[in-house]
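Working notes, beginning with the structure itself.
Just so it is clear, none of the values below were taken in a lab; they were calculated from the coordinates. Nothing here was measured: the structure is a model prediction, and the numbers come from that model. Using ideal geometry, Cβ is built from the backbone for each residue, glycine included, and neighbour counts are taken over all protein chains shown.
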Amino acid sequence: MQKKYLMTPGPTPVPAEVLLAQARPMIHHRTPDFSAILMEAVEGLRYVFETTGSDALIMSCSGTGVMESAFANCFCPEDTVVVARNGKFGDRMVQLATAYGLNVVDLSYEWTETVDPADIATALTENPGVRGVVVVQSETSSGVLNDVKAIGAIVAEHPECVFIVDSITGIGAVECKTDEWGLDVVMTGSQKGLMLPPGLAALTVSPKAWRAYERSTLPKFYFDWGKYRANLAKETTPFTPPVSLIIGLVEALRMIREEGIENTIARHARLAEATRQGCEALGLKLFAPDDGRGSAVTPVWVPEGVDGKAIVKIMKDTYGVTIAGGQDSYAGRIFRVGHLGYFGDFDIITTLAALEMTLAQLGYEFERGAGISAAEAVFMGQA
Ligand SMILES: Cc1ncc(COP(=O)(O)O)c(C=O)c1O
């Protein structure tokens, strides 16, 4: 038997309380019992997304489904959108916008850079009539955190332009103040900070985004937000919902509320800091720039002369610790430690210990114990 540790930025570990809630006998979704659960889930989501002004909708799909829904529901064919991208999921936004026949003003950055809000302001000035700005807040492929607060302030000056934010690995890990920052559409997926299995996604829709919806003529059916809103007014869903996932969601949201969203975010910041300091103490280089490091995932450069794919394989096979490799052109060149959702200090200590043993096995030279010692110092407030 080998004890397993899931240290990836999605799927993430599911707490026992949530697993048990989901194991309850099935109930029918057209019942007052389910309506009460649904409404509790929606209220809990609004708490986590920090909104009172937006509606929260739940859909049965992975994160990409709600990303797609944002395009189908906010735009007309040939509308112009600004997509700022610095990673794999920003790339996907461009693919989606293109698939829906939109004109894309493509602001492309290196994966190691943050999106510069000034570039968004310039793009909006140079392209009058832009209907949407799309940004990934927490880029899972690169660990970069983009400043959606600053970008929100810029987009807010354009009454016909909605700000669409992929916070799929942001929500529950980093600050995301939907109302205060003027974020019109914010989305997340269940297998991330919400600590659930994959299969459910949620998003918020502001009054400005509803105005875009009313104007939008792109085809939509299953993902038509209006259907979800109309049914929510009757405390139900347009289609058969993922009942067990929603029951689990209520439990997960209760856990977050109990911790308090500010404390949840502070815990993630502490875990991320310990991971970063632990890796740097081993002489490893961090991938994300120091002005834009998120708390969901820590990507690290594979050191010179070490086989990056072997790091991930040995961690998993020998030590039972699953981390993620690099994506696309960074496959084998970086590895990523996820700490998003149900994680505590000792998950980080365990991972750093496994990383030290793995690196030693691969012939990398460093001071044994330096990584865990640096992490302990962060946890003890001595860093
Ligand atoms: C930032 C971000 N956006 C979008 C997605 C896509 O979500 P899914 O794989 O759930 O469709 C992911 C998944 O990892 C993600 O991390």
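Under the convention that each Lys and Arg Cβ holds +1 and each Asp and Glu Cβ holds -1, the size of the dipole of region 261-379 around its Cα centre is about 280 debye.
Its Kirkwood hydrodynamic radius, worked out from the mean inverse distance over all distinct Cα pairs, puts the chain at 21.3 Å. Note: relative contact order over the chain, using C-alpha pairs below 8 Å and six or more positions apart, is 24 percent.
Fully extending the segment from LYS309 to ARG254 would add 16.0 nm, taking 0.36 nm per residue of separation and subtracting the current Cα-Cα distance. Put a plus charge on the Cβ of each Lys and Arg, a minus charge on the Cβ of each Asp and Glu, and nothing anywhere else: the dipole of the chain about its Cα centre is then about 1120 debye. With both residues required to sit in the chain, DSSP beta bridges show an antiparallel share near 50%.
Net charge around THR98, counting only other residues with Cβ within less than 14 Å of its Cβ (Lys, Arg = +1; Asp, Glu = -1)? Net charge in that neighbourhood comes out at -3. When only Cα pairs below 8 angstrom with a gap of at least 6 residues are kept, region 261-379 shows a relative contact order of 34 percent. Net charge of the neighbourhood of VAL378, taken over other residues with C-beta under 15 Å away and scored Lys/Arg +1, Asp/Glu -1, is -1. Would you mind classifying region 304-346 by shape? Square roots of the alpha carbon gyration tensor eigenvalues, ordered a ≥ b ≥ c; an a/c under 1.5 is rounded, otherwise it is prolate if a/b is larger than b/c and oblate if not. Verdict is oblate for region 304-346. Describe numerically, in nm with one decimal, the distance between label points set 7 Å from Cα along Cα→Cβ at LYS234 and at MET380. About 6.1 nm separates the two model spin labels. For VAL297, the residues whose modelled amide H falls within less than 5 Å of its own, excluding neighbours fewer than 5 places apart on the same chain, are HIS339. Note on the chain: helix-only mean residue ellipticity at 222 nm, from DSSP H runs of 4+ residues weighted -39500 (n - 2.57) and normalised by residue number, equals -13000 deg cm²/dmol. For region 78-85, 3J(HN,Hα) computed residue by residue from phi via the Karplus equation (6.51, -1.76, 1.60; θ = phi - 60°) reads 6, 4, 9, 10, 9, 10, 9, 9 Hz, glycine and proline entered as x. Seen against the Cα atoms of the chain and their longest principal axis, helix 243-259 is set at about 70 degrees. Pairs of Cα atoms in region 1-62 fall into 10 Å distance bins, from 0 up to the last occupied one, in shares of 15, 36, 34, 12, 2 percent.
What the phi angles of region 209-225 give under the Karplus curve with 6.51, -1.76 and 1.60, with θ = phi - 60°, is a coupling list of 5, 5, 5, 5, 4, 4, 7, 5, 10, 5, x, 7, 9, 4, 9, 6, 4 Hz, glycine and proline written as x. For the residues PRO197, PRO219, PRO299, a GNM of the chain with alpha-carbon springs under 10 Å puts the largest fluctuation on PRO219. Using a 10 angstrom cutoff on alpha carbons, build the Gaussian network for the chain and name the most mobile of VAL306, VAL134, VAL105. In this elastic network of the chain, the residue with the biggest mean-square fluctuation among VAL306, VAL134, VAL105 is VAL306. The ranking of CYS176, CYS61 from fewest to most other beta carbons within 10 Å of each one's beta carbon is CYS61, CYS176. Compactness ratio for region 261-379: Cα radius of gyration over 2.2 N^0.38 Å (N = residue count) comes to 0.98. All other residues whose Cβ lies under 15 angstrom from that of LEU203 are scored, Lys and Arg at +1 and Asp and Glu at -1, for a net of -1. Listed by Cβ neighbour count within 10 Å, with the fewest neighbours leading, ASP317, ASP345 appear as ASP317, ASP345.
Here region 128-172 and region 208-263 have alpha carbon centers that stand 20 Å from each other. Between GLU180 and GLU365, the contour length at 0.36 nm per residue exceeds the Cα-Cα span by 61.8 nm. Exposure proxy for MET357, MET195, MET380: other Cβ atoms within 10 Å of each Cβ, ordered fewest to most, give MET380, MET357, MET195. With contacts taken as Cα pairs under 8 Å at a separation of at least 6 residues, region 143-195 carries a relative contact order of 39 percent.
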